[in-house]
Amino acid sequence: MTTSSQIALVTGSSGGIGAATAERLHAAGSVVIGCDRTAPDSRPKWLADFRELDVTDEKSVRETVAGIRAEYGAIDVLVHAAGILGNEPDLLTTSSSEFARVMAINATGAFSVLREVGLVMQAQRSGSMVAVASVAAKEARRAYVPYNASKAAVLNICWSLALELGPDNVSVNCVCPGPVNTAMWAQLATRAGGGDPKGDRRARQARAAQIPMGRFAEPEEVAATIAFLTDPANRYLTGLSLDVAGGARLGMGS
Ligand SMILES: NC(=O)c1ccc[n+]([C@@H]2O[C@H](COP(=O)([O-])OP(=O)(O)OC[C@H]3O[C@@H](n4cnc5c(N)ncnc54)[C@H](O)[C@@H]3O)[C@@H](O)[C@H]2O)c1
C-alpha cells in the first residue's frame, strides 16, 4: 500500500461498509472526511472531519464538496457508500413513489456526488473514485427490484465517468458486494424472517448457501478491496466492476 496523506471523502461513513473503509483508509495514512445523513454519536478517531449530508440534496452536495476542496486543497479519493435497501421486493407491487425514493438516494445521489467530485478531480487532473454498487446490479432477483435497478444505474454511471475522466488521470471503479454483515442485511433478514429470530437465521443461512464460500462478507473485506482500488499505485485500474462476493455469481443458472 502506497497511500500517503491522501485527502479521502467517504459518503455513508456512519454505516457498515463506509465506516470500515474510512478506518482502513485512515490506517493507510489518508486524511478521511466522512459524510452521512446520520451523524455518529461521537466522531470515530479515524475521521479527521465529518459533514452531515443527505445525498439527495443536490445543493448541499455541491456546497459540501466545494467546502472540502477549499478547506483541504484537494480531494484525492472518493468512496461513495451511502445507500438504502428500500421496502419493496417485487416490481408489480412497487409504488411509483417507493421506486422514486430508492432511485433518488441510490442512483441520483451517486450521480450528484460523483459529478461534483469528478469536476474537482478533473480540475486537479488526479484522483480515484469507487462507488459501492452490488451484485444485484448484474442479476435479476425477485427481491428489492428498485434497489437492483438503482445499483445498475450506479454501475453504468461509473463506467461513463471512467470514460470521461480517463484522460484526466482519474480512475473510476465500482465494487459489487454480495451480502455483507451490516445493518442493511440485518434489516433484510429481519423482514425475511418476519421478526422471528429463527426466521432471521434461516434467511441468512439460505443466502449463505448460495455463495461458494458459504458465508457473508465482513465490511472490512469490502473496505480492503476499495483501499486497493484507491491506492495511487493502482491508478491504471479503471472502469472495473469488481465482485466482492465470495464467488456468489459463479454458476448462476446452472
Ligand atoms: N450490506 C450488504 O449486504 C450490501 C451488499 C451490496 C451492496 N451494499 C451497499 O453498500 C453500501 C453501504 O451499505 P451498508 O451495508 O454499509 O449499509 P448501512 O445501512 O450500514 O450503511 C449505509 C449508510 O448510508 C447512509 N445513507 C443512507 N441514505 C443516505 C442519504 N440520503 N444521504 C447520506 N447518507 C445516507 C446511512 O445513514 C448509512 O450510514 C450501500 O450503498 C449498499 O447498497 C451493501
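Here are the numbers for this structure:
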item	result
Residue in region 193-204 that is part of a helix (DSSP H, G or I) and in contact with a Lys or Arg (Cβ under 8 Å, 6 or more places away or on another chain) present	no
Filter result (surrounded by 21 or more Cβ atoms within 10 Å (Cβ to Cβ) and within 16 Å of the ligand (Cβ to nearest atom)) within region 24-42	ARG24, LEU25, VAL32, ILE33, GLY34, CYS35, ASP36
Hey, ALA143 within 13 Å of the ligand (Cβ to nearest atom), of a type outside the set (Phe, Trp, Tyr), out of contact with any Lys or Arg (no Cβ under 7 Å at 6 or more places or on another chain) and not in a helix (DSSP H, G or I) or not	yes
Residue within region 115-129 that is within 12 Å of the ligand (Cβ to nearest atom), out of contact with any Ser or Thr (no Cβ under 8 Å at 6 or more places or on another chain) and among the small types (Gly, Ala, Ser) present	no
Matching option when the condition is in a helix (DSSP H, G or I), more than 20 Å from the chain's Cα centre (by Cα) and surrounded by fewer than 21 Cβ atoms within 10 Å (Cβ to Cβ), among GLU88, GLU98	GLU98
Flag if ALA82 is in contact with a helix residue (DSSP H, G or I) (Cβ under 7 Å, 6 or more places away or on another chain), of a type in the set (A, V, I, L, M, F, W, C) and at pLDDT 95 or above	yes
Any chance ALA143 is modelled with pLDDT under 95 and either over 24 Å from LEU92 (Cα atoms) or not assigned by TED's automatic domain parsing to the domain that holds ALA20 (or both)	no
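The values are calculated or read from the model by the stated rules, or taken from the named source; none is laboratory data. What you see is a predicted model, and the numbers here were worked out from it, not measured in a lab. Because the Cβ atoms are built from the backbone with ideal geometry, glycine has one as well, and the counts that use them run over all protein chains shown.
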